[in-house]
Amino acid sequence: MTTVLGCIADDFTGATDLAGLLARSGVRVSLRIGVPTEPPADPAAFEVIALKSRTAPVGESVAETRAALKWLQAAGARRFFWKYCSTFDSTAEGNIGPVAEALMADLGTDQTIYCPAFPENGRSIFMGNLFVGRQPLAESPMKDHPLTPMRDSNLMRLLEPQVTRPVGLADRLTVARGPQALRAELQALKAQGVAHVVVDAVANEDLAVIAEACRDMPLMTGGSAVAMPLPALYLADGTLSADAPKAEAPRLDTGTIVLSGSCSAMTNKQVADYTSRGVPAFLLDPLALAKNGPQEALDWLAQQDLNAAPLIYATANPDSVRAAQDKLGVAGAGEIVEATLSACAVAARDRGARRVVVAGGETSGAVTKALGVTQLDIGTEIAPGVPWTYCRSGGHQIALTLKSGNFGTETFFADAQERLAS
């Protein structure tokens, strides 16, 4: 099978988010962890490469993304999608803009779009301003993100310092007039030298217009939702075969471990809901971990019945997170927690856990790496943008879900298990 669409994501939860939405088409979606070291063999119609580059140095992020592009081109892809967070997580230096410009240069294209909207999850763009629910981005809990605090809601202002060419806007009024009007607006902006175009979207209908108008662009960029309409468009025009292979779910034992490193507002609610059910739970203290290491958590885990789906978590409120970061440093506090949760994931797998639930982008990257996972097939969705995936780890078939911090409802951890059981 030749790859129809090649996708690159800047973190692991974002990659599964995108892959899950593409998998709604029923066509097999393959997710690769990191740039594959082997040439493409039996590629899926939709290939997604997950990088851990959101907060990496700009040069490192650009180099890794270019390597991913080269592999996808070898797999046969001619259209590409650069996926970043629906809250436009970045710093003044990048990495969203620099990566997009590097991909544009390699593909020989002089314009792309930016649309991180995801209406199903409360992310919308109006007049270039990003909203989280009813709150402007800069007034949402994202203002307190420990790694990429977002203090401006205007995507043009956020993007301009990251790129070398002009930034423009295709607003909601244009999108509402349909694909032809949007294509005309993009062409007019291109004639003015505008290379980077933020596109408004407040509903799924807007995403369908954007996908139709931009489907033939060599490169689209955004959150996962703007790519969601593409499979149907490719099936309709014959670019994608109607008999393309489908994914199959394996039968797995019920041993489960839930690991949460995210400190987002929603994950705090999800942890509260899950612990209120009487589930065995162990709270990680970064300061204690720095002093004593992970052994206490591992000893606790060794005593648990994995059929009870125990929870190990470092999820905390912003004040507690800042207190740990003040003593350990932002990177240091995160690395200590990620290393501990990764060790717990491996220990649980070795004890028979075949279902692993992970919350948090950085945590997901660390856990996936520790489990030695290099490729996942995408299964059923638990919540919009959060699917179960199937892979091999340590010689075992396992189910793994990687949840972005703010995704899912308050009952997500219980919902994930019920969804897989059904």
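The values are calculated or read from the model by the stated rules, or taken from the named source; none is laboratory data. Just so we're clear, the structure is a prediction, and the values are computed from it rather than from any experiment. In this analysis, Cβ positions are derived from the backbone assuming ideal geometry, glycine residues included, and neighbour counts consider all displayed protein chains. SASA here: full protein model, heavy atoms, side chains in, ligands and nucleic acids out. Shrake-Rupley method; radii C 1.70, N 1.55, O 1.52, S 1.80 Å.
Within region 216-229, the only residue that satisfies the criterion of being closer than 18 Å to Gln180 by Cβ, surrounded by 17 or more Cβ atoms within 10 Å (Cβ to Cβ) and either modelled with pLDDT under 95 or in contact with an Asp or Glu (Cβ under 8 Å, 6 or more places away or on another chain) (or both) is Pro229. Checked against the criterion of being surrounded by fewer than 17 Cβ atoms within 10 Å (Cβ to Cβ), at pLDDT below 95 and either on the phi > 0 side of the Ramachandran plot or in contact with a Phe, Trp or Tyr (Cβ under 8 Å, 6 or more places away or on another chain) (or both), the candidates Gly133, Gly94 yield just one match: Gly133. The set of residues from region 34-53 being open to solvent by less than 30 Å² (accessible area, probe 1.4 Å) and under 13 Å from Asp10 (Cα atoms) comprises Gly34, Val48, Ile49, Ala50, Leu51, Ser53. Taking the condition touching a helix residue (DSSP H, G or I) at 6+ places or on another chain (Cβ under 9 Å) and of a type outside the set (Lys, Arg), does Gly76 pass? No. Within region 169-204, the set of residues being within 15 Å of Met217 (Cβ to Cβ) and either touching a residue at least 40 places away in the same chain (Cβ under 8 Å) or part of a loop (DSSP other than H, G, I, E, B) (or both) comprises Ala170, Leu186, Leu189, Lys190, Val194, Ala195, His196, Val197, Val198, Val199. Given the criteria more than 23 Å from Gly6 (Cα to Cα), open to solvent by 40 Å² or more (accessible area, probe 1.4 Å) and aliphatic (A, V, I, L, M), does Val202 qualify? Here the answer is yes, as Val202 does meet what is asked. Checked across region 348-360, the condition of being β-branched (Val, Ile, Thr) and over 23 Å from Arg277 (Cβ atoms) holds for no residue.
Listed here are the residues, each with its yes/no results for (1) crowded, with 24+ Cβ neighbours inside 10 Å; (2) touching a residue at least 12 places away in the same chain (Cβ under 8 Å); (3) of a type in the set (Asp, Glu); (4) not in a strand (DSSP E or B).
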| position | (1), (2), (3), (4) |
| --- | --- |
| Leu376 | yes, yes, no, no |
| Glu381 | no, yes, yes, no |
| Pro387 | yes, yes, no, no |
| Arg392 | no, yes, no, no |
| Gln397 | no, yes, no, no |
| Thr409 | no, yes, no, yes |
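No other residue among Ala184, Ala188, Ala281, Ala290 is surrounded by fewer than 23 Cβ atoms within 10 Å (Cβ to Cβ) and at pLDDT below 95 apart from Ala290. Assess whether Ala138 counts as being hydrophobic (A, V, I, L, M, F, W, C), at pLDDT below 95 and not in a loop (DSSP other than H, G, I, E, B). In short, yes. Looking across region 146-168, the residues that are open to solvent by 20 Å² or more (accessible area, probe 1.4 Å), within 26 Å of Ser262 (Cβ to Cβ) and touching a residue at least 60 places away in the same chain (Cβ under 8 Å) come down to Pro146, Leu147, Leu158. Residue pairs whose Cβ atoms lie under 7 Å apart, separated by 6 or more positions or on different chains, with the first residue in region 81-100 and over 25 Å from Trp71 (Cβ atoms) and the second at pLDDT below 95 and among the hydroxyl-bearing types (Ser, Thr, Tyr), are Thr91/Thr148. Answer yes or no: is there a residue in region 54-76 that is in a strand (DSSP E or B), under 30 Å from Glu335 (Cβ atoms) and open to solvent by less than 20 Å² (accessible area, probe 1.4 Å). No, because not a single residue in region 54-76 is in a strand (DSSP E or B), under 30 Å from Glu335 (Cβ atoms) and open to solvent by less than 20 Å² (accessible area, probe 1.4 Å).
Beta carbons closer than 8 Å, at least 6 apart along the sequence or on distinct chains, pair a first residue in region 28-41 that is under 19 Å from Ala63 (Cβ atoms) and among the hydrophobic types (A, V, I, L, M, F, W, C) with a second that is assigned to a strand (DSSP E or B) and open to solvent by 40 Å² or more (accessible area, probe 1.4 Å) for Ile33/Gln375. Scanning region 305-321 for residues that are among the polar types (S, T, N, Q) and crowded, with 21+ Cβ neighbours inside 10 Å gives a single hit, Thr315. Among the residues making up region 117-129, those that are open to solvent by less than 10 Å² (accessible area, probe 1.4 Å) and either farther than 16 Å from Gly168 by Cβ or without any contact (Cβ under 8 Å) to a residue 40 or more places away in the chain (or both) are Ala117, Phe118.
Residues of region 28-47 that are under 18 Å from Ala232 (Cβ atoms), aliphatic (A, V, I, L, M) and touching a helix residue (DSSP H, G or I) at 6+ places or on another chain (Cβ under 6 Å): Val29 alone.
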